[in-house]
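Inspection log for the structure reproduced underneath, given as structure tokens.
The values are calculated or read from the model by the stated rules, or taken from the named source; none is laboratory data. Values in this document were obtained by computation on a predicted structure and should not be read as measured data. Cβ coordinates were reconstructed from backbone atoms using ideal geometry, including for glycine residues, and neighbour counts include every protein chain displayed.
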Amino acid sequence: MEFIARPVRLSTQSADFDATFKARLHWSAEADAAIEQRVAEILADVQARGDAAVLEYTHRFDGLAAEGMEALTLTADELRAAFDGLPAEQREALEAAARRVRSYHEAQKKASGETWSYRDEDGTLLGQKVTPLDRVGIYVPGGKAAYPSSVLMNAIPAQVAGVSEIIMVVPTPRGDKNPLVLAAAYVAGVTRAYTIGGAQAVAALAYGTATIPAVDKITGPGNAYVAAAKRRVFGTVGIDMIAGPSEILVLADGSTPAPWVAMDLFSQAEHDELAQSILLCPDLAYIEQVQAEIDRLLPQMPRAAIIAKSLSDRGALIHTRSMEEACEIANRIAPEHLEVSSQDPHRWEPSLRHAGAIFLGAYTSESLGDYCAGPNHVLPTSGTARFSSPLGVYDFQKRSSLIEVSEAGARKLGQIAAVLAYGEGLQAHARAAEMRMEKP
């Protein structure tokens, strides 16, 4: 079967560019009403019946007929055996990726996650205490594909942050356990693991069951049911984000080999028909070259049908007036992945304000960031990079303010507090401050 990928061709010089481009970008993050209703039922059922409901839904959705939760529990020995059973090449790659991810997040912790304090002139101590969450749950997708990289990217920053218990849930439809996923859990220091998925897994993590303890936060991507469940349990637990389809935006000046850029566009398009791949370039001849390479390379791709639909429905090759204009458009999009594929990427990087991750230079493919560069690959999507950040150590820590007021400080601050408290009509607040200004 022949597949054809035709990303829409746009030019910023066209009168209707803004309207056409906005329509191309649009993607609704709202799950449909049927999914929301079904998820609400599953969450309520798991909250009420616990393990029994989890077993029932796992049988129904994943085809696993287990008599008890022990059959869905992955032991530490099983994780270690999966690691030991991998070919040497896979073991070494997994460990090398884990080392780089761990090194990056250890540096991140040192830069932004330390406790600090100081004393002002009257001896009052002010500061911040940083402590890790006690227990987190990580959701690892399963079914259509296996994602050991997601295990590393979610578990390692939690471990570096100091989280004492990391619970992994991963669906294993028909009982197919991916050894790379299990081995990644071993390498990343997962504490407990269960072969469950879907909204029922999110419910078990949020509310707890007789087997699975309730966690403080749930991270990791999933399908529409998982996203809807995370949205609904937020408040009972923390969540990382509600992820939309994957995105890549390539800013190219025409100096990078066209096959490289075509394959980078494929790298996100192959995830999902709803994924979005966009090229911004001021060189029209180069855009033609990239389209020619898309045509040439597509038949070689095992996931050609998905790539073709993604590029045809949501992809775009955009001719810009300049690289400066391309940077402006990139900031409007605020993409998940942003490649600056130019001879001088550092010239353009200061102009780029909104992106989940920025990949500088022709040799920096987005795929390296997905697996082993070091920074986290869990990134904000759907324009949320305007106000959100990649998953990191800080997502698994919390900050408590430290305040120790001296006797002299109580007299000074008490006057200020009392005036403001009386102004708000809160007499007890004011008197509590004034009492400390008086000699006992």
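Somewhere in the stretch 372-391, is a residue over 14 Å from the mean Cα position of the chain (by Cα) and among the hydroxyl-bearing types (Ser, Thr, Tyr)? No: zero hits. The conditions of being modelled with pLDDT under 95 and among the charged types (D, E, K, R) are met by Glu30.
So is Ile333 on the phi < 0 side of the Ramachandran plot and touching a His at 6+ places or on another chain (Cβ under 9 Å) or not? Here the answer is yes, as Ile333 does meet what is asked. Looking at the stretch 332-378 only, could you name the residues that are assigned to a helix (DSSP H, G or I) and among the β-branched types (Val, Ile, Thr)? Across the stretch 332-378, the qualifying residue is only Ile333.
Close Cβ contacts (under 7 Å, 6 or more residues apart or on different chains) running from residues in the stretch 1-28 that are over 19 Å from Asp264 (Cα atoms) to residues that are among the polar types (S, T, N, Q) and in a helix (DSSP H, G or I) comprise Leu10/Thr20. Being surrounded by 18 or more Cβ atoms within 10 Å (Cβ to Cβ) and either out of contact with any His (no Cβ under 6 Å at 6 or more places or on another chain) or within 23 Å of Gln291 (Cα to Cα) (or both): is that true of Ser351 here? Spelling it out, it is not the case that Ser351 is surrounded by 18 or more Cβ atoms within 10 Å (Cβ to Cβ) and either out of contact with any His (no Cβ under 6 Å at 6 or more places or on another chain) or within 23 Å of Gln291 (Cα to Cα) (or both). Of all positions in the stretch 65-76, none carries a residue that is of a type in the set (A, V, I, L, M), assigned to a helix (DSSP H, G or I) and over 24 Å from Val215 (Cα atoms).
Kindly state which strands (runs of 3 or more DSSP E) lie completely within the stretch 79-188 and contain at least 2 residues that are free of Cβ contacts under 8 Å to residues at least 24 places away in the same chain. In the stretch 79-188, 116-119 are the strands (runs of 3 or more DSSP E) which contain 2 or more residues that are free of Cβ contacts under 8 Å to residues at least 24 places away in the same chain.
Here is the figure for the stretch 379-404: residues that are part of a loop (DSSP other than H, G, I, E, B), among the hydrophobic types (A, V, I, L, M, F, W, C) and surrounded by 18 or more Cβ atoms within 10 Å (Cβ to Cβ) total 2. Residue count for the stretch 86-108 under the criterion of being surrounded by 15 or more Cβ atoms within 10 Å (Cβ to Cβ) and of a type in the set (Gly, Ala, Ser): the result is 3.
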